Amino acid sequence: DGGITQSPKYLFRKEGQNVTLSCEQNLNHDAMYWYRQDPGQGLRLIYYSQIVNDFQKGDIAEGYSVSREKKESFPLTVTSAQKNPTAFYLCASSAGTGVGQPQHFGDGTRLSIL
Amino acid sequence: AQTVTQSQPEMSVQEAETVTLSCTYDTSESDYYLFWYKQPPSRQMILVIRQEAYKQQNATENRFSVNFQKAAKSFSLKISDSQLGDAAMYFCAYRRGGGGADGLTFGKGTHLIIQP
């Protein structure tokens with residue numbers, strides 16, 4: 001079945017450590033996205049990518065980095081510069097660049113600080 | 001910047017009844033798309049319904065329908081014949097039109113409780 005796979009489901013970060021969240025899709029979608037969700041909040045856009053080797057900052061990109069070397073993969077690195085990384089992270093993808101295309105979401109990764 | 005406001009942090013409805021969730025948004029764009037997503041306790045985001053701003057006809061998906069009032073910048077979701085499986089967080093989301101693949105702007109959500 002086609003879908004979006006995020007791993008790991010739970011992740012713990014030590015102070016000063018970088019961690020990478022994986023997002024893989026087999027939907028043949030061009031665009032991919034990373035969102036952050038805090039308790040009582042909606043999702044906020046971190047980064048997005050329309051095509052391979054291209055990505056743009058979203059509303060809260062500081063302290064995060066991404067890469068898009070393959071169409072299927074869009075990993076997110078939470079760097080030590082992100083002082084409040086504890087949150088639920090969701091990856092999404094959509095077909096083409098038509099803005100009417102709905103975004104399909106993975107099951108998320110919960111990141112906590114040790 | 002666009003903003004999306006959901007003024008009801010929590011709503012409760014009896015099973016089989018109808019409930020309406022409110023959403024307002026602020027934008028200077030004329031071309032955009034609006035969405036309602038459902039997030040059950042599993043935390044997965046599920047698309048419920050989508051509305052194109054250029055369409056006057058309100059979108060409908062089975063028991064789910066919207067009341068889209070473009071001039072008032074209002075986009076409410078009506079759930080008819082509520083079922084226990086409808087219990088979830090519901091998020092209203094906006095996406096501007098034009099080219100590109102911008103992300104969605106979300107409201108803070110409404111927690112829907114279904115009373116058996």
Quick one: B:ARG63 ticks every box in (1) without any contact (Cβ under 8 Å) to a residue 40 or more places away in the chain; (2) at positive phi except a single one, so which number is it? (2)
Considering only the range B:66-107, state which residues are assigned to a strand (DSSP E or B), more than 14 Å from chain A (Cβ to nearest Cβ) and surrounded by fewer than 21 Cβ atoms within 10 Å (Cβ to Cβ). B:ASN67, B:PHE68, B:GLN69, B:SER74, B:SER76, B:LYS78
From B:ASP86, B:ASP31, which residue is under 23 Å from A:TYR33 (Cβ atoms) and among the charged types (D, E, K, R)? B:ASP31
For the range B:10-28, enumerate the residues that are in a loop (DSSP other than H, G, I, E, B), surrounded by 11 or more Cβ atoms within 10 Å (Cβ to Cβ) and on the phi < 0 side of the Ramachandran plot. B:GLU15, B:GLU17, B:THR18, B:SER22, B:CYS23, B:THR27
Among the residues listed as A:PHE105, A:PHE74, A:PHE88, the single one being within 15 Å of the chain's Cα centre (by Cα) and over 30 Å from B:GLN8 (Cβ atoms): A:PHE74
For the range A:16-67, how many residues meet the condition of being in contact (Cβ under 8 Å) with a residue 12 or more places away in the chain, under 16 Å from B:GLY103 (Cα atoms), surrounded by fewer than 21 Cβ atoms within 10 Å (Cβ to Cβ) and of a type in the set (S, T, N, Q)? 1
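Bear in mind that the values in this text are calculations on the coordinates, not laboratory data. Here the structure is a predicted model, which is why all the values come from computation and not from measurement. Glycine gets a Cβ as well: all are built from the backbone with ideal geometry, and neighbour counts include every protein chain shown.
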